[in-house]
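Below is one structure; the comments refer to it alone.
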Amino acid sequence: MTDYSDLVKRLRVGTTEKFRDGSSETVSTALEREAADAIELLQRELKCANELWEQQKELALEYLADIEKANERIEKLERIAQKQADNLNVLRGSIANYQVGVHEARIAELEAALKPFADCKVMTLSDLRQARKVLGEKE
Amino acid sequence: MSDNLVARLREAAAADRIKELEAALKPFADEADEYDGLGVQDRDKIFVPLAACRQARKALGECGE
């Protein structure tokens with residue numbers, strides 16, 4: 001940032017004015033004083049703006065670091081979720097396979113109970129009761 | 001096709017098969033209910049509806065109808 005303090009100082013001292021008796025004195029005009037005030041004010045405002053800019057830049061860097069951390073965390077969670085989904089899928093397959101086994105046993109039981117009726121041999125009440133039992137109804 | 005999907009399809013097919021067999025067996029269980037009230041003994045020979053027998057054969061994949 002350019003330093004204008006020297007210019008301000010010179011403006012405050014003013015320009016040399018020569019008098020009739022030959023003497024001279026440095027006096028600043030109202031316009032020079034106003035210019036010096038304005039430059040000082042602008043210089044201060046510029047300094048504040050620069051400080052603010054630096055603060056904002058630091059904040060932005062902090063935010064960026066936070067976002068980067070959050071993204072890493074999201075990626076990690078996504079990997080975990082994917083792994084869990086894979087595990088769940090495998091578990092569902094295992095459960096389905098187990099269910100198939102249970103169903104197959106039940107099918108064999110039902111087929112065995114149905115077989116005498118399909119053969120149309122002479123039936124007794126106990127055969128009918130067996131059918132009822134296999135269906136889970138009263139014996 | 002994934003193993004998981006195959007297993008689930010097999011499971012669904014097996015569940016359908018159970019329903020089919022239970023439906024074929026049901027008329028005989030109902031017959032048992034009817035004979036129970038008639039004082040029929042366990043070893044007495046009884047009449048079984050022919051249609052239900054045919055349905056049983058069909059459900060078992062034998063020459064049915």
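Overview of results
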read-out: Helix-only mean residue ellipticity at 222 nm for chain A, each DSSP H run of n ≥ 4 adding -39500 (n - 2.57), per residue, nearest 500; value: -29000 deg cm²/dmol
read-out: Label-point separation, A:Gln55 to B:Phe47 (7 Å along Cα→Cβ), nm; value: 10.4
read-out: Cβ-based charge dipole, the protein assembly as shown, positive-most Cα from A:Asn50, A:Ser5, A:Phe19; value: A:Asn50
read-out: Peptide B:41-49 - average C-beta neighbours from other chains (10 Å radius); value: 4
read-out: Rg and Dmax of chain A, Cα atoms only, in Å; value: 48.8, 156
read-out: Part-to-part distance (alpha-carbon centres) for segment A:1-48 and segment A:66-135, which is given in Å; value: 94
read-out: Sorted by Cβ density within 10 Å, fewest first, the residues B:Tyr35, A:Tyr63, A:Tyr4; value: A:Tyr63, A:Tyr4, B:Tyr35
read-out: Zero-based 5 Å bins, Cα pair distances in chain B, whole percents; value: 3, 15, 17, 16, 14, 12, 9, 5, 4, 3, 2, 0
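Every number here is computed from the coordinates shown, using simple stated rules; none is lab data. Since the structure is predicted, the reported quantities are computational estimates derived from the model, not experimental observations. Here Cβ is always computed from backbone atoms with ideal geometry, including for glycine, and neighbour counts include all displayed protein chains.
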